[in-house]
Structures are given as C-alpha cells and as structure tokens.
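Below: the structure, in structure tokens.
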Amino acid sequence: MKNKVLGIIGGGQLGRMIALSASHLGVKSYVFDPSNNSPAFDIASKIFNYKYDDIEAIKKFSESVDSVVYEFENIPINTAKIVESICPLRPSAKVLEISQDRLIEKEFLSNIAKVKTADFRNCPTIQDLESALKDFNYSAILKTRRFGYDGKGQIKINNNINPEEVWKTLEGHELILEKFIPFKRELSIILARSEDGKTEIYDCVQNKHKNHILDETIAPAPNLDIKVEEKSKHIALRVAKALKLIGLLAVEMFEMHDGNIIVNEIAPRPHNSGHWTMDGCVTSQFEQSVRAAIGWPLGSSKRNYDIVMKNLVGNEIELFNSYINEPNYKVYLYGKKEVRDGRKMGHINRIIKKNSNTYEFKS
C-alpha cells in the first residue's frame with residue numbers, strides 16, 4: 001500500500017492532534033502555517049512556513065500531498081480554491097466559504113438545510129441595526145460576520161445599551177444581529193461523512209462555557225430525552241447532506257426548554273467539543289478527519305466510555321501536576337511556548353464507566 005501524505009492547513013492544537021492521528025495510520029503530515037511556533041510543527045513530517053496568501057507556496061504544498069484538511073475557518077477562500085484545484089480539500093472550499101461568514105452560514109442553514117436558527121438580520125448600517133433591534137425587542141447579540149471565536153467579535157445588547165456606542169465598538173466590520181435565545185443548554189454533535197455518503201455520528205454532548213470559552217464537555221449529554229437526541233442527530237445529518245460534506249463537521253445547537261433544537265453554528269473541522277472522543281470512542285474525531293480526507297472507510301464512532309473533557313485555559317495548565325498521575329484522567333498538552341489568559345494550553349479527559357451518571361470533574 002502506497003504511503004499517504006496528508007496536508008494540514010493550520011498548525012495549532014487541532015492540526016497537531018490531526019497529525020498525531022495520521023501518524024498512527026502510517027500517514028505523513030505536511031503542515032502549512034505562517035507562525036514559527038506552531039504546535040503541529042513538532043509532529044509534522046514537513047513544514048511549510050509561509051503566509052496563507054502565498055500563492056506559489058500553497059501550490060507547492062498542494063502538489064506534494066494526497067489530500068488536504070484545515071483546522072480553522074479563517075483561511076483566505078482563494079487559497080482554499082487553489083488547493084482544491086490541485087488536490088482534494090476535505091471539507092470543500094464551498095463548505096469553508098459557508099462556515100466562515102455568519103450571515104452566509106445562517107442563510108444556508110435556514111434556506112437550504114431547512115433547520116431552525118435564531119432570527120437574524122444583516123446590519124450593514126447603523127440604521128439597519130436600530131431597525132433590527134426594534135424587531136427583536138432590544139434583546140439580541142451583535143456579531144461580526146467573520147473572524148469570531150471564543151466570544152470574540154460579539155456583544156450582547158439589551159435595553160440598557162446604546163446602539164450607537166455598540167456600533168462604534170465593532171465599526172469597520174460586517175455585522176449580523178441575532179435575536180437572543182433563552183435556551184436550556186448548549187449541545188453539539190460531531191459527524192464524519194465519506195466520499196460515498198456514508199456517515200458516522202458521535203453521541204450528542206453538553207457544553208459548558210466560562211468567560212465565553214468552552215470549559216467542559218460532558219459526553220454523553222446528561223439526562224437527554226431520547227426524542228431530543230434523535231432530533232439533534234437528524235438535524236446534524238440534514239446539514240451534512242445539504243453541504244454535500246466529505247470530511248468532519250461539528251454542529252453546535254441550543255436545546256430549548258420545550259425540547260426544540262435551534263442550530264447555532266457549524267464548524268467543518270475537528271472541534272473542541274469533540275476532544276472527548278480521543279478516549280471515549282473507538283475512533284477519535286481526529287482519526288475520522290484523516291480517514292475521510294484520504295478516502296478510507298470511516299471508523300466506528302461507538303462510545304466505550306462516558307467522558308468529561310476539561311479545557312486547560314491560560315494558567316489552568318498548572319492542573320497538569322494535579323492530574324498527571326490520577327487514574328482515569330488523561331492529560332493532553334499542546335506544546336505552546338507561551339501561557340496567556342484565554343489561550344487553550346491543553347485539555348484533560350476524565351474517563352468514566354459507561355452510564356455511571358457521575359459527571360463532576362474531580363479526582
């Protein structure tokens with residue numbers, strides 16, 4: 001069997017864990033990232049240390065690999081299209097284009113995939129914002145259409161906030177206003193889809209945030225009604241099919257108090273809320289990404305254990321010393337050189353006997 005080479009655009013922790021999973025399958029990883037200190041460079045068989053808009057470099061990169069994945073959405077779409085003209089890009093440039101703009105994403109989800117989202121309005125002017133706020137009874141979230149993650153580029157608005165001041169805060173960006181949703185909890189589902197349309201879908205999980213950053217993921221979501229679980233999986237499969245997805249997809253959702261599901265956003269790549277699969281499932285989300293990209297059959301997404309995943313953000317990396325020798329805890333550090341507030345430095349998976357119903361993260 002010919003040894004395969006996987007290209008990875010983005011050298012952060014997700015790229016690092018994709019490369020590690022690829023190595024377990026005998027697949028080499030070539031990593032393309034402009035940063036000199038990318039965590040995935042530690043694992044890569046070959047490094048392409050160039051800017052994402054360096055056309056000649058991206059062509060050379062694409063010609064040297066069998067297929068390409070990406071670990072984040074903020075890649076220039078022209079770069080993605082150049083890659084796709086040379087070798088398979090999984091998921092496709094079209095999927096990337098949809099996911100990297102909140103307005104295009106919401107319009108796709110509502111109009112093409114036909115799933116429920118929060119009401120939204122495009123706000124190219126302050127007048128559009130003021131009109132939309134009236135429609136939403138001054139209870140909404142103003143977001144940048146692009147480059148938003150971990151709570152960045154968004155402001156919650158209520159009656160006490162001056163729209164003009166909020167507008168000035170995000171001025172210069174394309175903006176979208178979303179009606180505030182009083183949800184019960186956030187859920188997410190990750191699935192993989194192969195070239196022949198076969199899918200593997202992971203269990204629905206619950207996500208808890210701290211300072212707008214994912215703090216814990218509980219797998220499976222505790223006390224989840226079977227009808228809600230089936231509905232959430234149906235929605236994720238519907239979105240994947242509408243995207244004509246080949247590769248990995250994460251779908252973030254809100255469970256409402258009446259049992260309805262509202263889709264928040266999608267991510268066509270390995271996702272923070274899927275780190276639990278590294279120890280909880282037969283096949284991790286990272287290995288699925290590699291399999292789908294290379295064109296191999298997908299692995300089983302069967303859950304063998306319940307997992308609580310805890311992010312190590314900023315100085316929480318010091319928890320490493322508390323858990324490194326604890327039974328039933330697996331510690332993962334990302335090899336980042338500098339500790340900063342809000343920066344994801346690693347994560348810990350607490351492995352729990354299946355269906356034990358004990359979800360506290362403690363030793």
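Some observations on this one:
- Residue in the stretch 81-101 that is surrounded by the fewest Cβ atoms within 10 Å (Cβ to Cβ), counting only those that are of a type outside the set (Asp, Glu), closer than 19 Å to His271 by Cβ and out of contact with any Asp or Glu (no Cβ under 6 Å at 6 or more places or on another chain): Ser92
- When Phe61 is tested against (1) closer than 22 Å to Gln288 by Cα; (2) over 22 Å from the mean Cα position of the chain (by Cα), just one condition goes unmet, and that condition is (1).
- No other residue among Asn158, Asn211 is out of contact with any Asp or Glu (no Cβ under 7 Å at 6 or more places or on another chain), farther than 30 Å from Asp306 by Cα, among the polar types (S, T, N, Q) and exposed (fewer than 13 other Cβ atoms within 10 Å of the Cβ) apart from Asn158.
- Selection count where residues are closer than 26 Å to Phe108 by Cβ and either hydroxyl-bearing (Ser, Thr, Tyr) or assigned by TED's automatic domain parsing to the domain that holds Ile213 (or both), scope the stretch 123-175: 5
- Asp135 fulfils the conditions (1) in contact (Cβ under 8 Å) with a residue 12 or more places away in the chain; (2) within 30 Å of Ser29 (Cβ to Cβ); (3) not hydrophobic (A, V, I, L, M, F, W, C) except for a single criterion, (2).
- Only one of the numbered conditions (1) at pLDDT 95 or above; (2) part of a helix (DSSP H, G or I); (3) over 26 Å from Glu71 (Cα atoms) is not met by Ser232, and that is (3).
- Matching residues, the stretch 137-168, being part of a loop (DSSP other than H, G, I, E, B), hydrophobic (A, V, I, L, M, F, W, C) and more than 24 Å from Phe183 (Cβ to Cβ): Phe147
The values are calculated or read from the model by the stated rules, or taken from the named source; none is laboratory data. Everything numeric here is computed off the predicted structure, so don't read it as measured data. We place every Cβ from the backbone using ideal geometry, glycine too, and count neighbours over all the protein chains shown.
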